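J.: I have a structure here, written as structure tokens, and I will follow up with some questions on it.
Where a number appears in this text, it was derived from the coordinates with a stated rule and is not lab data. Note that the structure is predicted; figures quoted are calculated from it, not measured. Cβ sites come from the backbone with ideal geometry, for glycine too, and all protein chains shown count toward neighbours.
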Amino acid sequence: MGLLLSLAFHLILIVVGLNYQEINPIKSKPLDEVIQVKLEPEQKKENKKEEKKPDDQTLVLNTQREVPQEKKLAYMDAPPAPSTEEWQKASTYTLKNSKRYRHNWGQQVRSMMGRSVEGPDQGMVRFHIEIAANGQLSKLETLWSTSPVAEKLARQAIENMPPLPPIPTGKPLIFQKTISFQPVDDGWPPIYKYDCLPDPPTFKNPFAWDGKSAPVAIQQKVADGSKQEMLTDCPAIEDDTIEAEAADMKRQFEIWGSSRLNPKK
């Protein structure tokens, strides 16, 4: 009787144990899900190190810098001084406040200043000049300057200028002139063929008012060429050089050209 009870008790324990294993959520992981780590052999690591050596050598070669070449500075030689023939024409040209004389004077000064080189010494200077009727300088005043070197060279050239011919009008010549000491072409020969044309009437602002006096309507004057006498000493067409004509046309296109017609401008 006791033996039967013992067997029955063990059977009950076995059945309960089997049921517990099926219901229990915590189960042992199968062997298939175990992660395995494989180490690379030492020979492959050595091969990779050997492959990196050429890259290291290449980097060393690339670190070598080339010596930069020195920049060539722009320069412009001084223009030639006016010839004797040009001064002879200037001594008899009375139109436009002795236009030839004023141009030759500026070219003479610039020719004695020497070569202009790109750098801090380049610049421009503008003078107020008064020349007596006999051709001697009576007054020189600096209006503005962008380079002390340019002003110094210009004044030295003016002091050492050769004797100039008398003023063609027989009166003192008063004018202003800008002397450029730069390695760029910023000027052009003057055009003389239009000097016989009458000067246009001066413009006056019709809306200008000082705020005190009674406002007065100002009527603009219209040029009337029929009442003006044509000058007899007009320059000939051949007096203007081809270079002067080309430079004048270029200047006109730059001033009056259309940005729509010339988008590269």
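J.: Ranked by Cβ crowding within 10 angstrom, fewest neighbours first, how are Val117, Val184, Val149 ordered?
T.: Details: Val117 14, Val184 11, Val149 17.
Least crowded to most crowded, the residues run Val184, Val117, Val149.
J.: As a footprinting exposure proxy, order Glu70, Glu141, Glu86 by other Cβ within 10 Å, with the fewest listed first.
T.: Glu70, Glu141, Glu86
J.: On a full-extension model of 0.36 nm per residue, what is the gain between Cys234 and Ile14, subtracting their alpha-carbon distance, rounded to one decimal in nm?
T.: Result: 65.3 nm gained on full extension.
J.: OK, next. Along the charge dipole of segment 75-183, pointing to its positive end and built from +1/-1 on Cβ of Lys, Arg, Asp and Glu, which listed residue (Ile158, Gln136, Pro120) has its Cα farthest out?
T.: Farthest along the dipole direction, towards plus: Gln136.
J.: Would you work out the charge dipole size for segment 75-183 about its Cα centre, treating the Cβ of every Lys and Arg as +1 and the Cβ of every Asp and Glu as -1, and quote it to the nearest 20 debye?
T.: 400
J.: Ordered by residue, what ³J(HN,Hα) values in Hz, to whole numbers, does segment 139-145 give under the Karplus form 6.51 cos²θ - 1.76 cosθ + 1.60, where θ = phi - 60° and Gly and Pro are x?
T.: 7, 9, 10, 7, 7, 7, 8
J.: Give a residue-ordered list of calculated ³J(HN,Hα) values for segment 153-161 (Karplus: 6.51 cos²θ - 1.76 cosθ + 1.60, θ = phi - 60°; whole Hz; x for Gly, Pro).
T.: Couplings: 5, 5, 5, 5, 5, 5, 5, 9, 5 Hz.
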